1. Any residue that is outside any helix (DSSP H, G or I) and over 27 Å from the mean Cα position of the chain (by Cα) - is there at least one of those in region 240-257?
2. Sort through Ile195, Ile236 and tell me the only one that's under 28 Å from Ala313 (Cβ atoms), over 17 Å from the mean Cα position of the chain (by Cα), among the hydrophobic types (A, V, I, L, M, F, W, C) and buried (at least 24 other Cβ atoms within 10 Å of the Cβ).
3. Answer yes or no: is there a residue in region 45-55 that is in contact with a strand residue (DSSP E or B) (Cβ under 8 Å, 6 or more places away or on another chain), under 29 Å from Gly196 (Cα atoms) and either polar (S, T, N, Q) or in the same structural domain as Ala243 (by TED's automatic domain parsing) (or both).
4. Spot the failing condition for Glu274; the list is (1) touching a Phe, Trp or Tyr at 6+ places or on another chain (Cβ under 9 Å); (2) part of a helix (DSSP H, G or I); (3) under 20 Å from Gly473 (Cα atoms), and only one is missed.
5. For residues that are of a type in the set (S, T, N, Q) and buried (at least 22 other Cβ atoms within 10 Å of the Cβ), scanning just region 21-73, find the one that is farthest from Lys128 (Cα to Cα).
6. Residue check, Glu116 against (1) part of a loop (DSSP other than H, G, I, E, B); (2) buried (at least 17 other Cβ atoms within 10 Å of the Cβ); (3) at pLDDT 90 or above; (4) not aliphatic (A, V, I, L, M), all met but one. Which one?
7. What do you reckon, is Ile330 surrounded by 19 or more Cβ atoms within 10 Å (Cβ to Cβ), touching a helix residue (DSSP H, G or I) at 6+ places or on another chain (Cβ under 7 Å) and either of a type in the set (Phe, Trp, Tyr) or at pLDDT 95 or above (or both)?
8. Filtering region 403-457 down to residues that are in a helix (DSSP H, G or I) and acidic (Asp, Glu), which residue is surrounded by the fewest Cβ atoms within 10 Å (Cβ to Cβ)?
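The values are calculated or read from the model by the stated rules, or taken from the named source; none is laboratory data. Bear in mind that the values here come from a model prediction, so they are computed numbers and not experimental data. Here the Cβ is made from the backbone with ideal geometry for all residues, glycine too, and neighbour counts use every protein chain on show.
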Amino acid sequence: MARRIVHDGVLVVGAGLAGLSAALAAAPAKVLVLTEAPLNHGCSSAWAQGGVAVALAADDAPELHAADTVAAGAGLVDPAMARLMAEEGPAAVRRLAALGAPFDRTADGGFAQSLEAAHGKARVARVKGDQAGRAIMEAVTVAVLAARHIEVRAGAKLTGLLQDATGRIRGVMARIKGESVEITARAVILATGGIGGLYAVTTTPAELQGDGLGLAALAGAIVADPEFVQFHPTAIDIGRDPAPLATEALRGEGAVLVNGDGERFMDRYHPAAELAPRDVVARAIHAEREAGRGAFLDARSAVGAHFPEEFPAVFAACLAGGVDPRTQPIPVAPACHYHMGGIATDAEGRTSLPGLYAAGECASTGVHGANRLASNSLLEAAVFGARAGRAAAQEAPMPAASTAVTAEELPPAALQALRQAMSRDAGVVRTAEGLTRLRDLIDNLEAAHGRSAPLVAARLICAAALVRRESRGGHFRADFPDAQPAARTRITLSDIAEPGLRFAAE
């Protein structure tokens with residue numbers, strides 16, 4: 001029988017930027033943060049290289065940032081949510097700086113900002129070229145550890161949600177140091193990250209396998225746009241899992257994409273060439289590789305000898321793989337990088353289940369649409385994480401009997417089979433044939449091993465991708481290359497009827 005803990009406050013699952021922002025913002029309410037990995041490990045926030053997109057310059061404005069966000073999202077961005085994020089962005093970045101995040105500065109003390117793809121202005125605040133995520137998370141982690149209202153329990157794996165007869169979420173089930181524990185709380189905020197670990201080639205921590213998304217779906221939560229997965233064009237192709245990332249900022253600094261013959265190819269695919277939207281660049285690189293020509297990021301002229309101090313993370317990763325980016329082009333390949341879809345939320349992080357909030361990559365606020373604008377992820381985590389924390393802190397204690405919604409564990413061999421199939425059939429280029437093959441594999445794995453959170457998350461992605469018979473943003477169907485009238489997907493797990501699919505994009 002599980003040991004029971006009664007927490008009279010907010011329970012946050014996940015310790016990336018969204019989760020820790022929520023924890024800080026919930027003050028003075030008591031907050032318990034559960035994280036499987038030690039703080040500042042196992043989260044995509046700490047791995048983010050480019051920085052935080054925010055309108056801080058004199059020639060920029062939140063409405064311009066919001067407009068770029070809407071344009072990149074290929075018709076599916078919620079304009080009101082994009083405007084809210086852009087308007088609250090400057091204050092969020094200044095809060096992070098006040099906590100000690102060492103953003104690069106100009107000579108007059110302002111924020112140094114760089115240009116990234118699909119931005120109309122240079123508005124990405126960064127740290128030492130490619131150190132933004134790590135440096136921001138270090139500052140926020142120190143603040144969390146110093147906050148008297150926050151308790152952090154590392155080594156805690158989410159295994160289930162506690163739900164009462166009305167559908168309200170009352171807490172979680174977790175495994176803490178091998179012990180099954182039931183924790184009740186006023187409100188639960190899921191900040192469990194993305195689904196990169198469901199793919200064989202990913203730039204995110206491999207342990208991010210959609211656990212929060214899968215468990216929320218099992219409890220009946222509405223999920224939005226799960227088919228939209230962003231593939232970063234320039235993962236460093238040196239055989240590592242996860243794959244190191246060659247930040248977008250390199251192309252912003254003038255690095256170019258070439259094939260094995262040293263020929264630039266991006267101008268054949270888009271007028272903006274290397275600064276085209278990520279989905280376009282990812283498909284171009286995929287096409288060059290499939291044609292046997294290979295793809296490389298050539299930063300020798302743009303960065304060259306300055307690599308060690310300007311882009312230390314990229315430099316170190318390349319050297320570890322036997323590539324010196326000062327003198328050699330970097331081999332690159334598209335990799336799963338970010339999930340635009342997730343648990344549907346409002347502006348305060350509320351999901352369709354009372355008592356359950358979500359923030360960060362596991363949530364779908366509507367700001368990313370079909371294709372996330374570069375460097376909007378850390379901004380979304382900071383803005384909407386804080387909003388979720390403030391809203392959850394207002395929940396009153398409501399003791400009630402509850403039952404556990406749990407999932408089975410997926411064995412390592414089965415997970416690897418799923419990852420290979422997801423990269424092959426739900427990757428950069430998709431077809432009905434491949435997605436049907438993937439669905440059949442998920443059916444077989446579930447029959448053999450039970451319903452696990454990773455399988456549920458994969459099923460949602462696959463099902464929505466099959467139904468969306470068009471190409472839009474990060475979702476490209478080779479058998480349906482044209483766009484149809486824009487419509488978001490909003491589904492629950494019960495909408496997916498077996499063996500066929502019965503729901504439709506709204």
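1. There is no residue in region 240-257 that is outside any helix (DSSP H, G or I) and over 27 Å from the mean Cα position of the chain (by Cα).
2. Residue meeting the stated conditions: Ile236.
3. Of all residues in region 45-55, those in contact with a strand residue (DSSP E or B) (Cβ under 8 Å, 6 or more places away or on another chain) come to 47, 49-54.
Subsequent filtering for residues that are under 29 Å from Gly196 (Cα atoms) retains 47, 49-54.
Next, only the ones that are either polar (S, T, N, Q) or in the same structural domain as Ala243 (by TED's automatic domain parsing) (or both) stay: 49.
Yes, region 45-55 contains at least one residue that is in contact with a strand residue (DSSP E or B) (Cβ under 8 Å, 6 or more places away or on another chain), under 29 Å from Gly196 (Cα atoms) and either polar (S, T, N, Q) or in the same structural domain as Ala243 (by TED's automatic domain parsing) (or both).
4. (1)
5. Step one: filter region 21-73 for residues of a type in the set (S, T, N, Q), giving 21, 35, 40, 44-45, 49, 69.
When the remaining residues are screened for being buried (at least 22 other Cβ atoms within 10 Å of the Cβ), the result is 21, 35, 44-45, 49, 69.
Values: Ser21: 23, Thr35: 28, Ser44: 18, Ser45: 16, Gln49: 9, Thr69: 25 Å.
My answer is Thr35.
6. (3)
7. For Ile330, the condition - surrounded by 19 or more Cβ atoms within 10 Å (Cβ to Cβ), touching a helix residue (DSSP H, G or I) at 6+ places or on another chain (Cβ under 7 Å) and either of a type in the set (Phe, Trp, Tyr) or at pLDDT 95 or above (or both) - is met.
8. First, the residues of region 403-457 that are in a helix (DSSP H, G or I): 412-425, 432-449, 453-457.
With the extra rule that they be acidic (Asp, Glu), the set shrinks to 425, 433, 440, 443, 446.
Working: Asp425: 20, Glu433: 11, Asp440: 13, Asp443: 14, Glu446: 19.
Step by step, filter region 403-457, then rank; the result is Glu433.
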